[in-house]
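Below you'll find the structure, written out as structure tokens, and then a few comments.
Values in this text are rule-based calculations from the coordinates and carry no lab data. Just so it is clear, the structure is predicted and the values come from calculations on it, not from any experiment. Ideal geometry is used to build each Cβ from the backbone, glycine not excepted, and the neighbour counts take in all protein chains shown.
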Amino acid sequence: MTLDGNLMEHKGDVRLGRLRVVEWISIVPAIAICTACAERFTVPVAALSRAMAQANLQYQFDRHKCKRGDAS
């Protein structure tokens, strides 16, 4: 998993959407959305470190099913 600007992507992923961080708390990503369907993902309060927060958002994103074809 890489964090590039505000986009997190998983190498080799064939999804149409990407995980875009839309809100930060200091240096910790707090809220992200799927760029394809706009589903929203939030980090639990227990994920206090940047690495834990990124991993949690990626986990939620990897398991979601896009509900729409385009979020733009």
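Using R₀ = 30 Å, calculate the FRET efficiency as 1/(1 + (r/R₀)^6) where r is the Cβ-Cβ separation of ALA51 and LEU16; round to 0.05. According to the calculation, E is roughly 0.70. Net charge in the neighbourhood of ALA30 (other residues with Cβ under 14 Å of its Cβ; Lys, Arg +1, Asp, Glu -1) is +2.
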